[in-house]
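J.: Following this message is one structure expressed as structure tokens.
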Amino acid sequence: MSLRLYNSRTRAVETFTPLDGNRVRIYMCGLTPSADPHLGHARSMLFFDVLRRYLDFLGYAVTYVQNVTDIDDKIIKRAADEGVTWHDIVEKYYGSFAASLDKLGVRRPEVEPRATEHVPKIIEIIRGLERKGIAYESDDGVYYSVRAWPAYGQLSGRHIDDLLESVRIDASEHKRDPLDFALWKKQKPGEPAWESPWGPGRPGWHIECSAMSWEYLGEPFDIHGGGLDLIFPHHENEVAQTEPLLDGGFMANFWVHTGLLFFDGSKMSKSLGNFVPLEEELRRHDPRALRTLFLQIDYRKQANFTVDSIAAATKGLQRLDETLADLAVRGGVAHLDELEALDALRAPAPAAESMVRALREALDADMSTAGALAALFGWLPGTRALEGEPAAQAARALYGAMWILGVAPRVERTARPADLLNSGQVEQLRGLYAVEVGPAPNGKQPGEMVEEIVELRDKARRARDFARSDSLRDALAGAGIVVKDGKEGSTWSVVR
RNA sequence: GGCGACAUAGCCAAGUGGUAAGGCAGAGCUCUGCAAAAGCUCCAUCGUCGGUUCGACUCCGACUGUCGCCUCCA
């Protein structure tokens, strides 16, 4: 049993074996922060986050590099439009992106290198290409000569002559061939610039990834990732820039591309303007529900985002959460620890064996996260009868499985549900508390107030004063707090 | 025009040459003062038409439809 992944380079599912012992080196094309990041960006980051987690679980030492292309035409234009520097634009949008990924529970990469901080390596590669006769200088920059590299087009399956037929490529008097692309752009008035052998200027798009992957991972490395829309021209060009300097070697062993996200039936993209801003979506939905939604869809397929699908995912996740909580209670597990949970998965107890086997089979088969989720849901009914140690084992295994998928509940969150209340709801709660108990002192925690009111309601229920108990329940519901009566007493949670 | 992907129940969505995972919604039941939650049970023959095969939803071909890349894009 071992991990198999679809490799865009060979167009086949292949067994994944690291190039260098136990080390797995991954380079992921991050973001060009020139506008608000959207849900589509999150989708690919989310997939690679799960891949990383699974590789971790399998015992590999993963190095994950995700770049920031912090200089390009759009950033410069945006800066001019907003009257700020290019750097301000990068900080603004990259900051928003990083904050959103944190909320989504995407683990930070080991390295987040920026193009502008790697100009020396970029220059080194361009010079190497010049020496090979593959790059040439013209009046406005340095270009890559597509015809000088016979393998050009192999990764994306294009033929130079087919590309030429495309009506959308503009011929330029600065290039020898319309398909040639810029490695270095000479400075135009008002543009930011870095020193180079060709005078002040800036890197073209594509070259930064060749430079930074080489710098941090070495060549060749194991996995190069990105959205499917990057395969051409971006990744094709990366290969073309890198491999001529490797004496017959290749750049990346596996190329893994994630499918694109659609909204209202067409691709979510900056230029079409039909995207769902990530920040906004995260305000509207539980980040873990978004993760669950994407887990249900094969990572390579295009996915259509709808409001209904996110609602469905939210419900499904709740069931996992509740079962986990039940198992923890029945097993007497006070705290669910991530490392302990992963150990529980590596050597599964009888209660969890079938689930762990199904989970691993699914993930091994080209990261079928949908199958992994099905493995969890299919196993839930069998856990109902577990008590004591088996329940504890099941709880740990479930927590570990949810951790790999990135949907494990955050402990501090479940410990303090009242933190989910917004300020308006807290005000309502204070009002209610004042009426039922008395004015709340300043330091009174919302959670304590809820507890006391719920206790009042339980007293009423025990006294069979259902009118009062129902009115208290309604009042709490008005503040976003839902009370549910179970065999062990009443529980409450916050809904948004 | 070139290259490519996809078409599975009300919705989202896996999957296999031998008679279809899962989630949501829906129906019934259990529990319950009520409600909610939860649990149990039920709910598709896989775009159309041909072909290969003992047998295809799964392979091949044609067709129809949707979408992507070819320009910045996760």
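The values are calculated or read from the model by the stated rules, or taken from the named source; none is laboratory data. In this text, all values refer to a predicted model and were calculated from it rather than measured experimentally. With ideal geometry, Cβ positions are generated from the backbone for all residues, glycine too; neighbour counts draw on all protein chains shown.
J.: Could we say that residue A:242 is assigned by TED's automatic domain parsing to the domain that holds residue A:16, within 12 Å of RNA strand B (Cβ to nearest atom) and in contact with a helix residue (DSSP H, G or I) (Cβ under 9 Å, 6 or more places away or on another chain) here?
T.: So residue A:242 does not fit the description; no.
J.: All but one of (1) buried (at least 24 other Cβ atoms within 10 Å of the Cβ); (2) under 28 Å from residue A:50 (Cβ atoms); (3) of a type in the set (A, V, I, L, M) hold for residue A:207; state the number of the condition that does not hold.
T.: (2)
J.: What number of residues in segment A:314-329 are closer than 18 Å to residue A:389 by Cα and surrounded by fewer than 20 Cβ atoms within 10 Å (Cβ to Cβ)?
T.: Qualifying residue count, segment A:314-329: 3.
J.: Search segment A:477-493 for residues being touching a strand residue (DSSP E or B) at 6+ places or on another chain (Cβ under 9 Å) and either surrounded by fewer than 18 Cβ atoms within 10 Å (Cβ to Cβ) or at pLDDT 90 or above (or both), and hand back the single one that is nearest to residue A:314 (Cα to Cα).
T.: A:493
J.: Run residue A:455 past the list (1) within 16 Å of RNA strand B (Cβ to nearest atom); (2) in contact with a Leu (Cβ under 7 Å, 6 or more places away or on another chain) and report the number of the one that doesn't hold.
T.: Condition not satisfied by residue A:455: (2).
J.: Which of the residues that make up segment A:119-143 are hydrophobic (A, V, I, L, M, F, W, C), in contact with a helix residue (DSSP H, G or I) (Cβ under 6 Å, 6 or more places away or on another chain) and farther than 18 Å from residue A:187 by Cα?
T.: Hits for segment A:119-143 are A:125, A:134, A:135.
J.: Which of the residues belonging to segment A:284-319 are near RNA strand B (Cβ under 9 Å from one of its atoms), touching a residue at least 40 places away in the same chain (Cβ under 8 Å) and assigned to a helix (DSSP H, G or I)?
T.: Hits for segment A:284-319 are A:292, A:316, A:317, A:319.
J.: Do we have residue A:117 as surrounded by fewer than 20 Cβ atoms within 10 Å (Cβ to Cβ), of a type in the set (D, E, K, R) and touching a Phe, Trp or Tyr at 6+ places or on another chain (Cβ under 7 Å) here?
T.: no
J.: Can you name every residue in segment A:458-489 that is near RNA strand B (Cβ under 10 Å from one of its atoms) and either in a strand (DSSP E or B) or within 37 Å of the chain's Cα centre (by Cα) (or both)?
T.: Once the filter is applied, which keeps residues that are near RNA strand B (Cβ under 10 Å from one of its atoms) and either in a strand (DSSP E or B) or within 37 Å of the chain's Cα centre (by Cα) (or both), segment A:458-489 yields A:477, A:482, A:483, A:484, A:485, A:486.
J.: I need every pair where a residue in segment A:431-452 that is in a helix (DSSP H, G or I) has its Cβ under 7 Å from the Cβ of a residue that is hydroxyl-bearing (Ser, Thr, Tyr), sequence separation at least 6 or different chains.
T.: Between residues of segment A:431-452 that are in a helix (DSSP H, G or I) and residues that are hydroxyl-bearing (Ser, Thr, Tyr), the close pairs are A:449/A:433.
J.: Is at least one residue of segment A:22-34 buried (at least 18 other Cβ atoms within 10 Å of the Cβ), under 24 Å from residue A:122 (Cβ atoms), more than 10 Å from RNA strand B (Cβ to nearest atom) and not basic (Lys, Arg)?
T.: Looking through segment A:22-34, at least one residue is buried (at least 18 other Cβ atoms within 10 Å of the Cβ), under 24 Å from residue A:122 (Cβ atoms), more than 10 Å from RNA strand B (Cβ to nearest atom) and not basic (Lys, Arg).
J.: Name the residues in segment A:40-71 that are over 26 Å from residue A:343 (Cα atoms) and either without any contact (Cβ under 8 Å) to a residue 24 or more places away in the chain or assigned to a helix (DSSP H, G or I) (or both), would you?
T.: Of everything in segment A:40-71, those that are over 26 Å from residue A:343 (Cα atoms) and either without any contact (Cβ under 8 Å) to a residue 24 or more places away in the chain or assigned to a helix (DSSP H, G or I) (or both) turn out to be A:40, A:41, A:42, A:43, A:44.
J.: Under 6 Å by Cβ, and 6 or more places apart or on different chains, what pairs join a residue from segment A:96-115 that is in the same structural domain as residue A:71 (by TED's automatic domain parsing) with one that is acidic (Asp, Glu) and in a loop (DSSP other than H, G, I, E, B)?
T.: A:114/A:70; A:115/A:70
J.: Here is a further query. Which residues, taken from segment A:346-382, are closer than 24 Å to residue A:293 by Cβ, among the polar types (S, T, N, Q) and either part of a helix (DSSP H, G or I) or in contact with a Cys (Cβ under 8 Å, 6 or more places away or on another chain) (or both)?
T.: The one that is closer than 24 Å to residue A:293 by Cβ, among the polar types (S, T, N, Q) and either part of a helix (DSSP H, G or I) or in contact with a Cys (Cβ under 8 Å, 6 or more places away or on another chain) (or both): A:369.
J.: Of all residues being among the polar types (S, T, N, Q) and within 11 Å of RNA strand B (Cβ to nearest atom) in segment A:42-99, which is farthest from residue A:402 (Cα to Cα)? Just the residue, please.
T.: Among them, the one singled out is A:69.
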